[in-house]
Structure formats: C-alpha cells, structure tokens
Amino acid sequence: MDRYFTRKQILVLATTLIACAALGGGWFYHKKSQPAPVQIHISGSPTLGRKNAPIQMVLFEDFRCPSCRSFNVKLLPRIQESYITPGYASFTIVPLAFLPESKPLANAALAVYQIAPDRFFSYVHGLCQGFGERETKTSIQEQLINLAKSIGGIDLLQFKACVMTDCHEATLEKNLALAKEIMGEEFGTPTLYINGVPGSTGSFSSIQTMIEQFLQGGP
C-alpha cells in the first residue's frame, strides 16, 4: 500500500513538473514573440506633454485617412486627459502625406507648428473634423487659411506663404521614408507606437491596457 502511494506521489509530481515546464515554455514564447521596441527619431516633431514622461507615444498619420481623423477626434482627447496632462505620457504626431490630396493638409499642419506650436493640435483637430469633405468652390489653400483664421494666434502672412509654396515638402518626404523604414510591409495609418512597441488604435481601452502595463514595469 505504501509502495503504491509512493509511486502515485511520484507520478503526480512528475505531471506537475511537466505542466509547469509547459507553462514556463509558453510564457517564454509569449515574451519572445513580443515585437522588439523600435527606435523612432522624432526630434522636432509636434509633441504634447513633457519630454521625459515614462510613456512615449508616437502616432504616424495621414490627415486624409478616416481612421486617423477618428483617432484624433475621439481617442486623443481621452489620452490627453488621462495620461498627457497628468504627466504620465508624451504624444508625438508624425504627419504623413501619401493619400490623394493629403499633402496640402500635412504641409499646413507643419506650417502651424513652425509658426505657432501651441496651436498645432487645435489646427489638427480642425483638420480632422470633416475638413474638405464638402464640395465647395473655395480652393483647398483658401480653406486651410480660413481654418487658421478660425483657430487664431497664427501669423497669417507666414502661414499663407508656406501653404502656397509647400514649404514643408522635404519634411514630409523624410517622414514618409521613416514610416516605411520602421513599418516595412505593415505600412499604414494610423500607426501608434507606445515606448517603441506597436499599439492598437481601435479603442481607448486597448491603449489604456498597454500604457498601464508599461507604467507597472511591463510588458
């Protein structure tokens, strides 16, 4: 009886060890399968929040992209309220221009950032609220200038000169090359990186989960 019990104990112990090894292997595989953080050189790009915040968020977007517009209007304000304003995160936008008729919008946004940096995110918010979706006889350049007027605090002479000459074309080409280099075959917008790791742009809860993991020392 004692001998049988000893063998049973050994069998249970062996089974437990195998199960633990399997779980450990699964954990290791999960950690190993996590994408490695990428280095994103964003010096000079429009940024909200303190530079040394523990969470560094970088969004690549095209202002003609419907999902990008939705992100700016619906999710960015919640991110700002929960993480940027309290000092937990910084948020950088890297404007891209690869969709039809998107270059004037991205150029105008960068012009605002150069002339009046504190007006940049307000201007982008205006671009993302249905800008250019209605048919009008007014040229896109005039619409961009009128938006700058409505935002206020922007030197309109400097802004108009930049809008009419596409003065940030070189920056936009550099941004596009950077995005393609980082994303490779996964290139698309909006693409969000949180501390160098790709994150979801579909919901605030998914972004919140990832941020909280980083704040707790993960993932």
Rough spin-label spacing in nm, given labels placed 7 Å along Cα→Cβ, for Ala36 and Ser67: 2.6
20 Å cut-off, amide nitrogen to a point 7 angstrom out along Asp166 Cα→Cβ, residues in region 98-132: 98-114, 132
Region 47-215: relative contact order as a whole-number percent, Cα under 8 Å and 6+ apart: 31
Ranked list, fewest to most other Cβ atoms within 10 Å of each Cβ, for Asp155, Asp118, Asp166: Asp118, Asp155, Asp166
Region 130-219: trypsin sites (Lys or Arg not before Pro) in DSSP loop, at most 10 other beta carbons within 10 Å: Arg134, Lys137
Pairwise label distance in nanometres, Leu215 with Thr85, each label 7 Å out on the Cα-Cβ vector: 1.5
Which listed pairs, of Lys103/Lys180; Lys137/Lys160; Lys51/Lys149; Lys103/Lys174, have C-alpha distances above 21 Å, in listed order: Lys51/Lys149
For region 47-215: rounded, prolate or oblate by the Cα gyration tensor [a/c cutoff 1.5]: prolate
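Every read-out reported here was derived from the displayed coordinates using simple, explicitly stated rules and does not represent laboratory data. The model shown is predicted, which means the values in this text are computed figures rather than measured ones. Here Cβ is always computed from backbone atoms with ideal geometry, including for glycine, and neighbour counts include all displayed protein chains.
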